[in-house]
Amino acid sequence: MNTKQARQHLLAYRPSGADDGDRSTRAALKAAAAAPELQAEFHNQLAFDRALAGRLDAIIPDDLAEPLTEAAARLLTKKHRRLSLRDPAMLSVGLAFLVIIGLGVWIFLGKANSFAGMDEVTEMVQAGDKAQPSEFQELETKAGTLTDWFAMQDFDGFAVPPGMESAPVVGVRVFKYEDVPVATAAVARPRAFFYVFEAQPFGISLPAGEWRTLEYGDKTRRTLAIRQIGNMAFVVALRGSKADMQSYLNSIRPPDH
């Protein structure tokens, strides 16, 4: 079995391992083991399928799951049976399929706007946004030069994402949110705050280079974008919509992006 055939076959692989006894499946797994790229794709697929199965287990009650399983089994044993939407078994399996598709879409779309520690970060940013000008030390410099200043305030690890080094800073401070030190820089253009803090206390773990955005605030629409830099989390918060934030992020991307 070649790599293309193996990839197509493994798309239908059941994460429970129920297909491992099938000869074609064994051939596909063997082909994947010999192709690192396909092996990586397959492992990612398994991780997603298992996560999806876990979420389904949590939302589908036991009294519904058992009838769906039995209905699917009956359909599989009657391959020549004419399919009909009036068939209760077919209808049950169809509804289950729609639930799975809907949940998958929900997970996929929600991934771009949520992250572990989202609520805590939002609360921290809202607290930081309320700071008065008198709480900041005036300092006109560029964001990329602040590492040493914050180190002198006993805050190590201040860093900004590539492209944000030239952001014009007009004030700085360090405050604590639930005993976690947070380095803050007030930026003049656009009017925004940069927040840097350790990711681990908030349970944050984001893929390298990936931004997550979130609108917050009741009276005034504001948006934050978060990104992880090593073991530190970086947040930029500004007044405006997600579209405004995306426009800003696009404007500061390094030339090679």
- Simple spin-label model, 7 Å along Cα-to-Cβ: Ser24 to Lys130 in nm? 6.2
- Message: How much length would be gained if the chain were fully extended between Glu138 and Arg191, taking 0.36 nm per residue of separation minus their Cα-Cα distance, in nm to one decimal?
- Response: 17.6 nm
- What relative contact order, as a whole-number percentage, does the range 118-251 give when Cα pairs under 8 Å and 6 or more residues apart are counted? 18
- Message: Rounded, prolate or oblate for the range 123-211? Axes are the square roots of the Cα gyration tensor eigenvalues, ordered a ≥ b ≥ c, and the cut-off for rounded is a/c under 1.5.
- Response: rounded
- Task: Based on the mean of other Cβ atoms within 10 Å per residue, sort peptides 202-210, 228-236 so the most packed one is first.
- Result: 228-236, 202-210
- How much length, in nm to one decimal, is gained on full extension between Arg14 and Glu37, taken as 0.36 nm per residue of separation minus their Cα-Cα distance? 6.3 nm
- Query: Over the range 144-257, what per residue volume does the convex hull of the Cα atoms give, in whole Å³?
  - Reply: 112
- May I ask you to order 184-192, 12-20, 31-39 by the average number of other C-beta atoms within 10 Å around their residues, highest value first? 184-192, 31-39, 12-20
- Suppose R0 equals 30 Å; then what is the FRET efficiency for Asn250 and Glu120 from their Cβ-Cβ distance, rounded to the nearest 0.05? 0.65
- Per-residue ³J(HN,Hα) for the range 196-210, Karplus 6.51 cos²θ - 1.76 cosθ + 1.60, θ = phi - 60°, Hz, x for Gly and Pro: 10, 7, 5, 6, 4, x, 9, x, 7, 8, 10, x, 4, x, 9
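FYI, it's all coordinate maths here, none of it is from the lab. Nothing here was measured: the structure is a model prediction, and the numbers come from that model. All Cβ positions, glycine included, derive from the backbone under ideal geometry; neighbour counts span all protein chains shown.
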